[in-house]
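A short worksheet on the structure shown next.
Just so it is clear, none of the values below were taken in a lab; they were calculated from the coordinates. Being a predicted model, the structure only gives us computed values, none of them experimental. Heads up, the Cβs are rebuilt from the backbone with ideal geometry, glycines too, and the neighbour counts pull from every protein chain shown.
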Amino acid sequence: MGTFFDFISDHLMQFLQFTAFANMTIGHVIMISIGLYFIYLAIAKEFEPMLLVPIGFGILVGNVAFAPGYQIGIYETGSVLNYLYFGVLNGIYPPLIFLGIGAMTDFSALISNPKLILIGAAAQLGIFGAYSIALALGYSSAEAGAIGIIGGADGPTAIFLASKLAPELLGAIAISAYSYMALVPVIQPPVMRLLTTHKERLIRMKPPRVVSRIEKVIFAIAGMLLTTFIVPSGMPLLGMLFFGNLLRESGVTKRLADTAKGPMIDVVTILIGLTVGASTQATTFLTLKSVGIFALGAASFVIATFGGVMFVKIINLFLKEGNKMNPLIGNAGVSAVPDSARVSQVVGLEYDKTNHLLMHAMGPNVAGVIGSAVAAGVLLSFLA
Amino acid sequence: MQKRIKHFLHGIAVLLLIVSGIGSANAQSVFDLRFNEILVLNDSSTVDDYGQHSSWIEIYNSAYNSVNLGGCYLTDDLSNPTKFLIPKGNPKTVVPYNQFIVFYADSQPTKGIFHLNFNLRNAKTIALFDPSGTKKIDQLDIPQTQQVNITYGKKIESAQEWDFLALTTPGATNDPSPRITEGEKFVKMDPYGIGMTMIAMFVVFSALAILYIIYKNLGRFFIRRGVAASKPSSGETKTEPKQDEDGMSGEVNAAIAMALYLYQNETHDYENTVLTINKVSRNYSPWSSKIYTLRKLPR
């Protein structure tokens, strides 16, 4: 009888060694707390819930401590999570998300006032500002490039580039990019107020004209050809973005466009969010480099906002009265669509309750998506 | 309809003409394969898969994708370009990007697909031909002053010049120096990222500036076309645009409509039923039939 109980207790003890309680470290506790905080932000504060819920839950999934060797963890070859993570590591999910973004984006604001495109270019300064600081802090060239792209404020682009340049930092970069995208309403307004005068904030812009379907169709085709001819390495992102947009604007592929902007982007968002979250295993994630990435991410958003706002102010020097642009739309050059455009609107309304900047800000906002994909292509060309 | 079909056929014909015109372009294919290193006199150097010291030929894939050598020909006699057929359908003949493949020139083709039916001892030249056996992919004239156990090859894969090499490296790069990535080279020249910022911002601005220029002009064109279309023709009498009674602009009307829409949406309860005039199809199924689900009265 005694040996039987010994047998039971031995196996019970052996089983306990396999539980998460036995394998838990302080790092796992910290990461689970971060995951819970993300879920709280998403549900209670409604900060980017579509992204933060999957990522937050993914962090919980990735930080359930386990005994290695049983094909459970995301980094263990053959595990289900590892198969799903394949799409992140090999840059498959981001272009599919771009297809959906293209199918849901209306480029009318941009087409009706093409000079707004240039703001989307100026705001990419954040990428290269962060790149320079990262180099100065001792990150390698590839790591610095991958970190810099956080300043593009575009999650799929950041994941795409990080998977190519610094896959080991992918989790930290993706989490940082999405966190700051959610925090755009907190980060950008102080910079916008600091750089603009009261008079500038009251500038009214001409309402955008109506854009015909043929113009939109030409935009999708010409946009793809022009940008990818200049930066072919940005083709996976730009090609899919404009393809999605053509599906939308052609008017004859409604079903495909609906799928791209609906079920397909939802499926890919779930997979990318969950796996990126799960990739933040405490054992690989909690390093000084990750902390540095978060600090650089914040800096890149500030520099990007600075670049966009200052560019509008400089351009205004050359524009006639009546054609001037409100510098409060400069922040929207970062491609956090549509949050940064919404920030322009909210800050603008604080100073003039009847001055609606949302439509104008959507121009640089979608140009920012194109700009950050082009910038990613440039970094890939030089650093891969 | 016939006109459309005619246009379509014309388009196809033009496309075929263009494609036939560029038929000679073979980017990213067997035409990117290059001889890279050979060992003619192998006395005590590397051994083949049978442990024999054979002569060998190394081929390098300079394409940016995998290339299948299957179906190509290797020869030491230009008058007989199809002397050795590299077998088709074998996954081992696929050379990945930036990788190498080695053939043993031992005149013993029965030993396997990588053993050629000629050797290099008396060979003056070797050549690689495409699967048609007519197009030469690469050719190497072998100097007759070969040294024992010393390979003859390119110092680095991208070079054109051949020389005797200090290291024997079948199936690997001939360049023994540590690899520096493009990124590392870039940072060596630009340690603070200023050059990168300047180049990259220039490229991003150029790409978007081109879009800007095109769309500015395209926009003007469409606006002009819109104005021209709205102008009445000379025969028509000019009618005054209908004035809104209250003098309100379309924007104000749109804002009022939007406000009403939002107001109505917010004050109404959410309704999950759908009112439709379509016929609701209820296909018969015995599983849902009433007669099978109701208990019959006892008689």
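The phi-based Karplus calculation (6.51 cos²θ - 1.76 cosθ + 1.60; θ = phi - 60°) puts the 3J(HN,Hα) values of segment A:161-178 at 5, 4, 5, 8, 9, 8, x, 5, 9, 4, x, 5, 5, 5, 5, 4, 4, 5 Hz, whole numbers, x for Gly and Pro. Backbone phi angles across segment B:182-187, fed through the Karplus curve with coefficients 6.51, -1.76 and 1.60 (θ = phi - 60°), yield HN-Hα couplings of 4, x, 5, 4, 5, 5 Hz in residue order; Gly and Pro are listed as x. Under the criterion of Cα pairs below 8 Å and six or more residues apart, the relative contact order for chain A equals 28 percent. The coefficient of translational diffusion for chain A, derived via Stokes-Einstein from the alpha carbon Kirkwood radius under 37 °C and 0.692 mPa s, stands at 151 µm²/s. Relative to the globular-protein estimate of 2.2 N^0.38 Å, the Cα radius of gyration of segment A:137-191 stands at 1.13. Can you tell me the FRET efficiency between B:ALA259 and B:THR134 if r is taken as the Cβ-Cβ distance and R0 is 60 Å, rounded to the nearest 0.05? In this case the efficiency is close to 0.20. Round to the nearest 0.05 the FRET efficiency obtained for B:TYR97 and A:PHE18 when R0 = 56 Å and r is the Cβ-Cβ distance. In this case the efficiency is close to 0.85. Remark: segment B:30-176 carries a charge dipole of roughly 360 debye about the Cα centre, counting +1 on each Lys and Arg Cβ and -1 on each Asp and Glu Cβ.
For B:ASN119, the residues 5 or more places off, or on other chains, whose built amide H falls under 5 Å of its own are B:SER107. Largest GNM mean-square fluctuation across A:ILE187, A:ILE149, A:ILE175, computed for chain A with C-alpha springs under 10 Å, falls on A:ILE187.
For the protein assembly as shown, what is the calculated [θ] at 222 nm in deg cm²/dmol (nearest 500), taking -39500 (n - 2.57) for each run of four or more DSSP H residues and dividing by its residue count?
Details: 27 runs with 360 residues, N = 683.
Dividing the helical sum by the residues of the protein assembly as shown leaves -17000 deg cm²/dmol.
Projected onto the charge dipole of segment A:83-383 (+1 at Lys/Arg Cβ, -1 at Asp/Glu Cβ, origin at the Cα centre), which of A:THR354, A:PRO190, A:LEU137 gives the Cα projection farthest towards the positive end? In segment A:83-383, that residue is A:THR354. The order of A:MET310, B:MET258, B:MET196, A:MET31, going from fewest to most other C-beta atoms within 10 Å of their C-beta, is B:MET258, A:MET310, A:MET31, B:MET196.
Translational diffusion coefficient of segment A:86-158 (Stokes-Einstein, Kirkwood radius from Cα pairs, 37 °C, 0.692 mPa s): 233 µm²/s. Protection proxy ranking for B:53-61, A:190-198, A:87-95, using the average of other Cβ atoms within 10 Å per residue and placing the highest first: B:53-61, A:87-95, A:190-198. Whole-percent P(r), the protein assembly as shown, all Cα pairs, 20 Å bins from 0: 14, 35, 32, 15, 3, 0.
Might you report the magnitude of the Cβ-based charge dipole of the protein assembly as shown about its Cα centre, with Lys and Arg at +1 and Asp and Glu at -1, to the nearest 20 debye? Working shown, then result.
Working: 51 positive and 46 negative charges, 571 e Å.
The dipole of the protein assembly as shown has a size of about 2740 debye.
Site pair A:ASP10 and A:VAL64 shows an inter-label distance of 2.9 nm when each label is modelled 7 Å from Cα along Cα→Cβ.
If r is the Cβ-Cβ distance from A:LEU36 to B:ILE213 and R0 is 56 Å, what FRET efficiency results, to the nearest 0.05?
Numbers: r = 50 Å, r/R0 = 0.90.
That pair, A:LEU36 with B:ILE213, gives E of 0.65.
Positive end of the dipole of the protein assembly as shown (Cβ unit charges, origin at the Cα centre): among A:LEU165, B:ILE38, B:ALA259, the Cα lying farthest that way belongs to B:ALA259.
Packing around the peptides A:259-265, B:137-143, B:198-204, taken as the average count of other Cβ atoms within 10 Å per residue, puts them in this order, highest first: B:198-204, A:259-265, B:137-143.
3J(HN,Hα) along segment A:92-106, derived from phi through the Karplus expression 6.51 cos²θ - 1.76 cosθ + 1.60 where θ = phi - 60°, amounts to 8, 5, x, x, 5, 5, 4, 4, x, 4, x, 6, 9, 9, 9 Hz, with x in place of Gly and Pro.
For chain A, the longest principal axis of the C-alpha atoms and the axis of helix A:265-278 are separated by about 50°. Inter-chain neighbour count for B:209-221: the average number of beta-carbon atoms from partner chains within 10 Å of each residue's beta-carbon is 6. Do any of A:LYS164/B:LYS135; B:LYS111/B:LYS135; A:LYS289/B:LYS155; A:LYS45/A:LYS115 go past 30 Å between their Cα atoms, and which? Listed pairs above 30 Å: A:LYS164/B:LYS135; A:LYS289/B:LYS155; A:LYS45/A:LYS115.
Spin-label model, B:THR82 to A:GLU46: label points 7 Å out along the Cα-to-beta-carbon direction sit 7.4 nm apart. Compute the Cα gyration tensor for segment B:30-176, then decide on rounded, prolate or oblate, letting a ≥ b ≥ c be the square roots of its eigenvalues: rounded whenever a/c is under 1.5, prolate when a/b is larger than b/c in the other cases, and oblate in all that remain. Taking the square roots of the gyration eigenvalues as a ≥ b ≥ c, segment B:30-176 is rounded.
Between 0 and 90 degrees, the angle of helix A:339-351 with respect to the longest Cα principal axis of chain A falls at about 50 degrees. Distant-in-sequence amide contacts of B:CYS72, defined by a placed amide H-H separation under 5 Å and a gap of 5 or more residues or a different chain, comprise B:ILE86.
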